[in-house]
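For reference, the structure is listed below as structure tokens.
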Amino acid sequence: MIFNPEKCRIPDQRMVPFIDPEEIWDIINNTKADKTRVREVIQKSLDKQRLTMEETAVLINADDPELIEAIKEGARELKKKVYGNRIVLFAPLYVGNKCTNNCKYCGFRASNKEAIRKTLNDAELVREVEALEDHGQKRLILVYGEHPEYSPEYIAHTVETVYGVKKGPGEIRRVNINAAPLDIEGFRTVKKAGIGTYQIFQETYHPEAYKTYHLGGKKRDFNYRLTALDRAQEAGIDDVGIGALFGLYDWRYEVLGLIRHTNHLEACYNVGPHTISFPRIQDASKLDLGEDYTVNDEDFARLVAILRLAVPYTGMILTARENPQLRHEVIQFGVSQIDGGTKLELGAYADSLNEQQDLNKEQFQINDNRSLNEIIDELFENDYLPSFCTACYRRGRTGEHFMEFSVPGFIKRFCSPNAMLTLAEYLEDYAPEDTRKRGWEVIDKNLKDLEKSPESRSSKDLKQRLDRVLAGERDLYY
């Protein structure tokens, strides 16, 4: 019998597999999407209520161009309500690409003998972090292959090493993790190192499709991967990230798989995922895939908008897999985090002379090679507020506590002020003069907008803190 995660009341069933392909397809195939129903679902989301699987399927099945545009417009409006104009910036840092798995879509798979394997030693890791700090980064996600060398103890060691690197005014204030599933004790070990979000992508939520792509290694176990973040929650890590790799199976099914996963975590642990990611298949060394499930740009933008409406308070991550033009388009539909200045080759941040991508050294091809500052300049041009904020994590506003704070006014009381403070640090410490000038204009505009809101922090206090940043103080946050 399939366990229903929305009725998760028996503790022993918290880590029971919860995906039923027949149920998901039944919802997709038997849900109608007339205009009235679509607009009702959009309105529910705009009221900041999470959508059910059936309601999400209504949006998935809305094929009329007018309704698709209504979905996108609803996502734009919802994003403004929940996140304002803030975009959080981060960088990925690959620590090691040794891997015992054999995933057909990944350049790091064990059977790819042309892949150049490497694990950063401590000195190399420090140099990478220093190079990232030199560009103003404050948030990293450390990425590891699945290999015995990358034990929980090793992951914890690298996290502690990263936190210990301070160069000039630079420091990394939040270290997130993208790594293999662990057992409960392993997650506890990593948690002690002070990690932020632990991110594990299911890749595809369809068990049979999953088997065709994962030909060896521990990752072949669909259910062990599916319940990984349950074990993280049991270990006390209440800040987790989920994702699907679009292009492996029907995108409509994968969207509902993500919603089912969200439902499961909320029902069992009273908190959903902190972030949802939706990477698309990109070129990789010895890529071995067909094109049956390729997701075109139009459907990609559509699914991002649907996810935004389905999970109003969940962060959504868009990576440099996508080209700058598409990133510009999709950000408006609900993305809250993007990477900037991304390099995937191990050691590439410190090796500034090597700017060429080599698929034999990378997991996949990236399509946005712009520097962090170039991306910040574009965000300014499009009226976004770049943010390096890490305050919620450091103030304990994660898990259930984050959900308690995620109410109307949160963006005005915490997120926007903290975004301005972290942006001010970047402008003073790392930005070229033209970016610095434009950035302070952006802060001034956002400060004036904030003053108009009855839910905002005291503008006087925020101005004083911004003056303290100008005077040389750092790491001021609410």
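Taking amide hydrogens as placed 1.01 Å from N in the peptide plane, the amide H of residue 118 sits under 5 Å from those of 97, 98, each at least 5 positions away in sequence or on another chain. When peptides 155-163, 211-219 are ranked by their average number of other Cβ atoms within 10 Å per residue, the highest-first order is 155-163, 211-219. Close amide H pairs (under 5 Å, H built 1.01 Å from N) link residue 203 with 243, 245, residues at least 5 positions away or on another chain.
Defining a contact as two alpha carbons under 8 Å apart and six or more residues distant in sequence, what relative contact order in percent does the chain show?
19 percent
Per-residue ellipticity at 222 nm from helix content only, as computed over the chain with -39500 (n - 2.57) for each DSSP H run of at least four residues, stands at -13000 deg cm²/dmol. Within a straight-line Cα-Cα reach of under 29 Å, residue 448 can be paired with the following lysines, leaving aside sequence neighbours fewer than 8 residues apart in one chain: 48, 72, 79, 80, 81, 138, 412, 437, 460, 463. Modelled this way, with points 7 Å down the Cα-to-C-beta line, the labels at residue 36 and residue 149 are 6.3 nm from one another. Taking a straight Cα-Cα cut-off under 29 Å and skipping sequence neighbours fewer than 8 places away in the same chain, the lysines within cross-link reach of residue 104 are 113, 118, 211, 218, 219, 286, 343, 361. Taking other C-beta atoms within 10 Å as the exposure proxy, 15, 420 rank 15, 420 from fewest upward.
Quick one: if the Förster radius is 22 Å, what FRET efficiency do residue 212 and residue 20 give, using the C-beta to C-beta distance and rounding to 0.05?
According to the calculation, E is roughly 0.70.
Highest mean packing first, where packing is the average number of other Cβ atoms within 10 Å per residue, the peptides 421-431, 109-119, 191-201 line up as 421-431, 191-201, 109-119. Computed from point charges on the beta carbon alone (+1 for Lys and Arg, -1 for Asp and Glu), the dipole magnitude for the chain about its Cα centre is near 1220 Debye. Couplings 3J(HN,Hα) of the range 216-224, computed from phi: x, x, 4, 5, 5, 7, 4, 5, 5 Hz, in residue order, whole Hz [Karplus 6.51 cos²θ - 1.76 cosθ + 1.60, θ = phi - 60°; x for Gly and Pro].
In order along the range 338-343, phi translates into HN-Hα couplings of 9, 8, x, x, 6, 9 Hz, rounded to whole numbers, per the Karplus curve 6.51 cos²θ - 1.76 cosθ + 1.60 with θ = phi - 60° and x for Gly and Pro.
Evaluating 6.51 cos²θ - 1.76 cosθ + 1.60 at θ = phi - 60° for every residue in the range 138-155, the Karplus couplings come out as 10, 10, 10, 10, 7, 10, 9, x, 9, 7, x, 5, 9, 6, x, 5, 5, 4 Hz, glycine and proline recorded as x.
For the range 200-263, the relative contact order comes to 49 percent (Cα pairs under 8 Å, sequence separation of at least 6). Taking every DSSP bridge with both residues inside the chain, close to 10 percent are antiparallel.
Just so you know, all these numbers are worked out from the coordinates, no wet-lab data involved. Please read all numbers here as calculations on a predicted model, not as lab measurements. Reconstructed Cβ throughout: ideal geometry from the backbone, glycine too, with neighbour counts over all protein chains shown.
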